[in-house]
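Notes follow the structure.
The values are calculated or read from the model by the stated rules, or taken from the named source; none is laboratory data. A quick note: this is a predicted structure, and the numbers were derived from the prediction, not measured. Here Cβ is always computed from backbone atoms with ideal geometry, including for glycine, and neighbour counts include all displayed protein chains. For the accessible areas, the whole protein counts, side chains as well, though only heavy atoms, and no ligand, DNA or RNA atoms are used. Shrake-Rupley method; radii C 1.70, N 1.55, O 1.52, S 1.80 Å.
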Amino acid sequence: MAGAAAASELTIPYRTDRVLVTYRYDPASRTYARWQNDEGAPVRTVDAEDGGPVAAANVVIVQTEVREVPQIVDAGGFVSYDSQLVGTGPATVFRDGLRQDGRWERADDFAAFSFVAASGERILLAPGQTWVHVVPNDWVVTSR
């Protein structure tokens, strides 16, 4: 995480009224608490199985081309989307209260993602839960 910037909070700009997603870093547990808007108010995300709060050691943002697929419509009448997840593109890794911008790489559909900083150094993830958000290239994920 050489050259990383401090990031105690990050926001992913899904629809702000319903699904704006925010993570807040807790130095004591070295994890990010996840919050998602419900009718405009942030609600802490909990595990549906045990009710425990989500606490991610890593939050990864994968940016890529996202295309609407109008031929595929779900039961609610919403079209599907296809994301280009082979090749390379911008990525941001949040870990240990830090933000490291770089790129993602993936050779094929069966390969794992790898993350590389602008310096060429691999960005390693901390042990523990990791949340990956795939978002369009034109979205801006803010942090402070």
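Of all residues in the range 44-73, those satisfying the criterion of being open to solvent by less than 30 Å² (accessible area, probe 1.4 Å) and not in a strand (DSSP E or B) are T45, G52, V54, A57. Evaluate the range 77-90: report whether one residue or more is small (G, A, S), surrounded by 11 or more Cβ atoms within 10 Å (Cβ to Cβ), in a loop (DSSP other than H, G, I, E, B) and at pLDDT 95 or above. No, every residue in the range 77-90 fails to be small (G, A, S), surrounded by 11 or more Cβ atoms within 10 Å (Cβ to Cβ), in a loop (DSSP other than H, G, I, E, B) and at pLDDT 95 or above. Of all residues in the range 1-43, those satisfying the criterion of being of a type outside the set (S, T, N, Q), in a strand (DSSP E or B) and either out of contact with any Phe, Trp or Tyr (no Cβ under 8 Å at 6 or more places or on another chain) or within 21 Å of N137 (Cα to Cα) (or both) are A5, A6, E9, L10, I12, V21, Y23, D38, A41. Pairs linking a residue in the range 77-96 that is farther than 25 Å from Y25 by Cβ and β-branched (V, I, T) to a residue that is outside any loop (DSSP other than H, G, I, E, B) and modelled with pLDDT of 95 or more, with Cβ atoms under 6 Å and 6 or more positions apart or on different chains, are V86/R106; T88/R103; T88/E105.
Within the range 1-40, the residues that satisfy the criterion of being touching a residue at least 24 places away in the same chain (Cβ under 8 Å), polar (S, T, N, Q) and open to solvent by 50 Å² or more (accessible area, probe 1.4 Å) are S8, T16, S29. Pairs please, first residue from the range 112-129 and under 17 Å from A57 (Cα atoms), second anywhere and aliphatic (A, V, I, L, M) and open to solvent by 90 Å² or more (accessible area, probe 1.4 Å), Cβ atoms under 9 Å, 6+ apart in sequence or on different chains. Correct list of pairs: F115/L124.
For every residue, the table says whether it meets (1) of a type outside the set (S, T, Y); (2) open to solvent by 20 Å² or more (accessible area, probe 1.4 Å); (3) modelled with pLDDT under 95; (4) over 13 Å from the mean Cα position of the chain (by Cα).
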| site | (1), (2), (3), (4) |
| --- | --- |
| V93 | yes, no, no, no |
| D96 | yes, yes, no, yes |
| R99 | yes, yes, no, no |
| E105 | yes, yes, no, yes |
| T130 | no, yes, no, no |
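In the range 107-119, how many residues are open to solvent by less than 50 Å² (accessible area, probe 1.4 Å) and not aromatic (F, W, Y)? So the count comes out to 4.
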